[in-house]
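The values are calculated or read from the model by the stated rules, or taken from the named source; none is laboratory data. Keep in mind the model is a prediction, meaning the values are calculated, not measured. All Cβ positions, even for glycine, are placed from backbone atoms using ideal geometry, and neighbour counts span all protein chains on display.
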């Protein structure tokens, strides 16, 4: 594997890469502010899906995307070198792709074009690049993928194996590089806020279209205090996994574990990942880092099932009579009193009434003793009070 010479590197850029900028227009006029969107996160964190969601949300569908991985695929020697050794090919030819990336960013700035930069932000070079875009009058937006380390490491391994089956080679990212970017991401977020290198930071959950947290800077003042983005990333990384996330991880892990049990001759390539010591080490690391999250999910699922069972039992149990503090039962709705003996209730109510109260219960004395007709003049007086001759109290 050999890199291109400096002359061929520049010639290839002018012939194969720079013409692609023309298809995205002439850029912003001087009176309109262009926008740059940085897509940050460790490898395997699902940045491609997050990138599409952020572009759609910010209205940057016509922006030019300077993707390091796409530039690597355009390298004339990369495919042949990756077929020979896909563990080291991305590191060798990635240096040429980085040179093309730097030239493309310079051309984009000169044309004042909206641009998307999907690349792990983990060093001073990337922070200086943000400052450079600010000095050119750009609005700087940063989207950060907050994904647990075991999920992103699984994503790297699955992508590598899928690439081998589809194209004959995969794109390998070492575990040490993954872990370093994962750890540096928190400090990078703090540095962006402290130095005011962006106009807005957005924290995304994997696979969702809207950010879970946004910190925007207006007139030099952040909407939330410095360090809030770090807190949002850590909270999202450490939250309980959903059922979908657990199912996806378990399926992927079981697939890798099954490959690790195969005989060497049954693997796809002569240097198989899962049959190597490195593959088994990564599999053990996945189990170690994901075990607490899976145990937490099982515990929460058990609590939820117990709560649902208790709620269902309460709904099926017969209603208990409600007792007032003074020891008497509170009247229940008529729907719950369908089996009540109203005749016995009327007799008991009449017996409890005082003779001086003048209250009579219809349906007892009137039927047992016969209805007493009012004497002459008595009905007229009752009519004047509005009661008439119905035998009921006037309202």
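In this structure, residue 27 qualifies as modelled with pLDDT under 90, in contact with a helix residue (DSSP H, G or I) (Cβ under 8 Å, 6 or more places away or on another chain), assigned to a loop (DSSP other than H, G, I, E, B) and surrounded by 15 or more Cβ atoms within 10 Å (Cβ to Cβ). The criterion of at least 2 residues that are crowded, with 18+ Cβ neighbours inside 10 Å and more than 34 Å from the chain's Cα centre (by Cα) is met by the following helices (runs of 4 or more DSSP H) wholly inside the range 64-130: 78-84, 89-111. Given the conditions (1) at pLDDT below 95; (2) closer than 30 Å to residue 184 by Cα; (3) outside any loop (DSSP other than H, G, I, E, B), report the number of the one that residue 37 does not fulfil. Condition (1) is where residue 37 drops out. Screening the range 145-261 for helices (runs of 4 or more DSSP H) wholly inside it with 2 or more residues that are in contact with a strand residue (DSSP E or B) (Cβ under 6 Å, 6 or more places away or on another chain) and modelled with pLDDT of 95 or more returns the ranges 228-238. Select from the range 168-181 the residues that are in contact (Cβ under 8 Å) with a residue 60 or more places away in the chain and closer than 19 Å to residue 73 by Cα and write down the one among them that is nearest to the chain's Cα centre (by Cα). Result: 173.
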